[in-house]
Each structure stands twice: as structure tokens, then as C-alpha cells.
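Here is the structure we will look at, set down as C-alpha cells.
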Ligand code: 5AD
Ligand code: SF4
């Protein structure tokens, strides 16, 4: 796709501003000019009609868009948020979002937390390569956590030559510049940084939902749990300034957002390394003051850093949702030590019961890993015991996955697959039983529900969430989406409610 894209202006990089975000705004404009020129020549030759079809073409012309893009996001909420930023940049360049991979620009935002996430990307990429043979104009880009691994980039360079652009987790804000560079050179662009201390503010972002939004409050992780690759691919902990966060939340509220989810790998250590340190609890107090915001959520809390101050703020707050995601990982103090989690089984249990007492009705959810190296049947039974005692509303359960470069990958006593599978099945069963026993506690009460969408299976229903995150379906229409309404919870169905809206 590149031959008709060469920009004749030789000194483009010399003229580019050095400061961000001005530099990226400059490259958005430059890339947009190139894209527009290509689109106009496609229109003149009739190729545009073939490529996009009349309906899409009309839409593109009315929105002044000159190409299409599709982003596939793998992994966690952080990646979902990054994808919104990437979409914002692509729209500024003049691309319009479509949901098929026959787009002009296809971007995979990857995850590497467990090996099967990587395998899925390679599988999908193979199919995309075949598609590109039919649509040579297509540009394929890869970013996210997987790209921070040297072996991955080597493999892509060697065996996936059709990829156009590779970048990492630290420089997603550079997308416009990198696209511009790719449009002007014939070979693959690879720009992955090992780390950064930079946080670039004020670039455009596209929101997936009009009424709710994630807000990054910090990046990276300093905890080095021994199984986890995140600190290596997302880098050291960096907190955003509270002023920037509050400004963003105010902008969102002015734009109709009623629910924010504050995002970080370990929100409980927010603000410790700022020039003027502030606690996460204090940040929550400030977010609470923003008018228009009705619900505040956050993700993820590390048990070792969860303060009494935070519990007190949750207790007092009218807006912080009564839900806490508190990853357990294992219920065995011995395994927790080898995992480098810095708490014991007893400390976790004590924390959980304190939270439940202080914030009545709170929903607790968790992450658990089965089959960590050296895990014995006794260790596993300790995990089962914690699940019974805490009564989690739900839990994400994972089979331990060996990640190259982490301390646990070098441990010798890996647990045999069949043993892990058996434990995993037993844990899943217990988690489901516990969840369906405890999470229906509001049945036959009237609760506030934020309506999120039309029900997937039955269009006469809408789907929303309680403050504690439990899902509710009830009769309603699209006009309710984004509003908070009162719903009587008539029936509990294991992990969701059926309800009726109240006047
Ligand atoms: N294997 C399995 N699960 C893992 N997680 C992180 N690293 C691994 C790994 N190597 C899980 C943890 C974490 C969640 C996001 O992913 O439970 O909380
Ligand atoms: Fe990984 Fe532990 Fe950091 Fe969570 S706290 S991202 S599990 S290293």
C-alpha cells in the first residue's frame, strides 16, 4: 500500500515539534493528509466503491473519513482502556471504526499474562496474513504486552513478515508518528521501549460506552509476584498527577459519563512516588467531589496495601460502589510466600472479614491461580478453605502458566498437568456453588441499576448492573441505556437477577 504514500516533504521530521502531545497532533495531521490523498485517488478510479461498498462510502464521506480500522483487544481492562486511546488517535487520522478484519488498518492489542493468550494471537495472525494476501492495501499492527518480549518480536520479524507495525506498552501515544513512518518507508516499523518515566496527557480518546469510562490512575507494577510477567512488560509503577485525573473525570462527567472505573495494577499503592505524595483513599475523596459522577469503581487492589483509610472512605462514600476485587492467588501461606505476595492466609481472611463488617453488603471477588510450582494437595485445600470462608461473589480461576523470565518459571517442582486439571475443576465447582449461594442476597429488594445495553438474547429486555456489580435483566428499551433506575429484583438465577423497573 505504500508506493502511493511517499510524502515528498523531506524535512518532515525536522519540522515536527519535539514536545508532546504537539508532536503527535502534528503527525496525525500529516498522516491524515496522506490518507486523504490515497482515498481521493481511490474514489476517482472507482476502487473505493469496490473496497467499501456504497453504504460505507457514504458514511465515510459524511464523516470525512478516508479509511477503515479494526482493533482486537486481548486481556485486561488496561488494554481495553489503551484500545480506546488508540481508537481516538486512529479517528483523528481519518480512519473510521468497523468490526471486521478486512479493514485498511487492523490492530491487535495483545496480552501475555498467560501463555494461551500468546497462542491465540499467533493463530489469529496467521489468518490475518492470508486475508492480507487478498487485500494488499491492508496494514497490520501489533502492540501491547506481548510486544515487550524480545523473543516475540524476533519471531514476528522472522516468520510474520507481513506485519507492518510493532510497538509496545510504553509508546502507544506515538501511534500517529509510527503510522506516518510506515507510510513513508517500505519495511516493517518496530518501536518497542524497555521502559519509560513519561506519561503523555491530552491525546484524543474514543469511548466505547457513552455513560461509563475507565480512567488510568497509574501504570506499571513494582510487586514482582514470582509468577507474573506484568512488571517486566508494563514497567515500574508510575502514578498520574491527581490534578490530571480529576480534570479527566470532570471532562468525562461534562460529557455525560456517570460511572468511572479507576485503573491500575495495584491501585492501593497509588500516589506513593509522586512529588507530592497522596494516598489512593485521598484520590477517591477528590473523585467523589466531581459533580455528575454517580458511581466510582476501581481495579485492582493488592491485599498487602489495602489501608483502613480506604475502608473508611468506602464506608462513608455515597458513590464508591460496594464491590472489591481482591486477588487471593492462593490460600496457602507457604505458597503465598513463594509467590512473593507478602500476606498470609490469616491476614487475607482477617482483611476480608473486616471489609465485610465495615461495608455491609459489599461484594468480594478474586483471582486464584491453581498449580503454582510446588503446590501440594494440602496447599490446595487451604485455597478451597479460603473460598468457603470468604464466600466470594465470583472468582476468576487460572491454571498456572509458566512465563519465561519470571522467577517461578525456573522453579523445579512444576505440578503435573492432570493434577492441576483435577484441582482446577474442583475449585471451579466450589467457586460457582459459593457464588450462587452468596450473590443473590438482594433478591426481593429494590435496587439502583445502571442500564448498560439491550439484552444480547432478548431485545425486549435491557441489561444493567447493581452497585456491587451483579447483573440484572429486566423489560425495557434503548432509551434507558446510561440511566440509573430503580428495579425490583424478582428472581435470582445463580449469577444474575431478573427484575422489573419501578416507577
Ligand atoms: N499464570 C496464571 N495466572 C496468572 N495471573 C498472572 N500471572 C499468571 C500466571 N503466570 C493471573 C493472576 C492475576 C490475573 C490478572 O492473572 O491471578 O491476578
Ligand atoms: Fe502481577 Fe503481582 Fe503486579 Fe498483579 S501485583 S500485576 S499479579 S506482579
For segment 95-153, report the % of Cα-Cα distances exceeding 15 Å. 51 percent
Treat the count of other C-beta atoms within 10 Å as a stand-in for reagent exposure and order 278, 96 from fewest to most. 278, 96
If you split all Cα-Cα distances of segment 261-333 into 5 Å bins from zero, what percentages do you get per bin, shortest first? 3, 15, 27, 26, 16, 9, 3, 1, 0
Across all Cα atoms of the chain, Rg and the largest Cα-Cα distance (Dmax), in Å, are 24.2, 72
Give me the angle, in degrees from 0 to 90, between the Cα long axis of helix 345-358 and the longest principal axis of the Cα atoms of the chain, rounded to the nearest 10. 90 degrees
Arranged from highest to lowest average of other beta-carbon atoms within 10 Å per residue, in what order do the peptides 188-194, 387-393 appear? 387-393, 188-194
From the gyration tensor of the Cα coordinates in segment 139-235, what semi-axes in whole Å does the equivalent ellipsoid have, largest first, with each one equal to sqrt(5λ)? 24, 20, 12
Could you work out the Rg to Rh ratio of segment 304-358, with Rh taken as the Kirkwood radius (inverse of the mean 1/r over all Cα pairs)? 1.03
Direction-averaged shadow area of the convex hull around the Cα atoms of segment 384-473, nm²? 9.2 nm²
Would you mind ranking 145, 70, 76 by Cβ crowding within 10 Å, fewest neighbours first? 76, 70, 145
Rounded to whole angstrom, the alpha-carbon centroid of segment 134-153 lies from that of segment 272-292 at a distance of 37 Å
Rounded, prolate or oblate, given the Cα gyration tensor of segment 5-156, with a/c below 1.5 counting as rounded? oblate
Quick note on 134, 356, ordering by fewest other C-beta atoms within 10 Å, gives 134, 356
What angle, in degrees between 0 and 90 and rounded to the nearest 10, separates the Cα long axis of helix 77-93 from the longest principal axis of the Cα atoms of the chain? 20 degrees
Per residue of the chain, what 222 nm ellipticity follows from adding -39500 (n - 2.57) for every DSSP H run with n ≥ 4, rounded to the nearest 500? -12000 deg cm²/dmol
Taking every pair of Cα atoms in segment 353-428, average 1/r, invert it to obtain the Kirkwood radius, and report Rg/Rh to two decimals. 1.05
In whole Å, largest first, the alpha carbons of segment 66-136 cover along the principal axes 37, 30, 14
Percent of Cα pairs exceeding the 17 Å cut-off, where the set is segment 14-76: 54 percent
Cα atoms only, segment 215-259: Rg and Dmax in Å? 14.3, 42
With the label point 7 Å along the Cα-to-beta-carbon line of residue 190 and a cut-off under 19 Å to each amide N, the hits in segment 108-133 are 108-112, 118-119, 121-123, 125-126, 129
Mean Cβ count within 10 Å, highest first, over the residues of peptides 124-130, 102-108: 102-108, 124-130
Viscosity 1.306 mPa s, 10 °C: Kirkwood-radius Stokes-Einstein D of segment 422-503 over Cα pairs, µm²/s: 120 µm²/s
Alpha-carbon Debye profile of segment 390-436, log10 I(q)/I(0) at 0.15 Å⁻¹: -0.52
If you line up the Cα atoms of segment 233-355 on their principal axes, what length do they span on each, largest first, in Å? 49, 31, 23
Using only alpha carbon positions, build the gyration tensor of segment 316-453, then give the equivalent ellipsoid semi-axes as the square roots of 5 times its eigenvalues, largest first, whole angstrom. 31, 16, 14
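Read the figures in this text as sums done on the coordinates, not as results from a lab. Not measured: the values here are computed from a predicted model. No Cβ is skipped: glycine too gets one built from the backbone with ideal geometry, and neighbour counts run over all protein chains shown.
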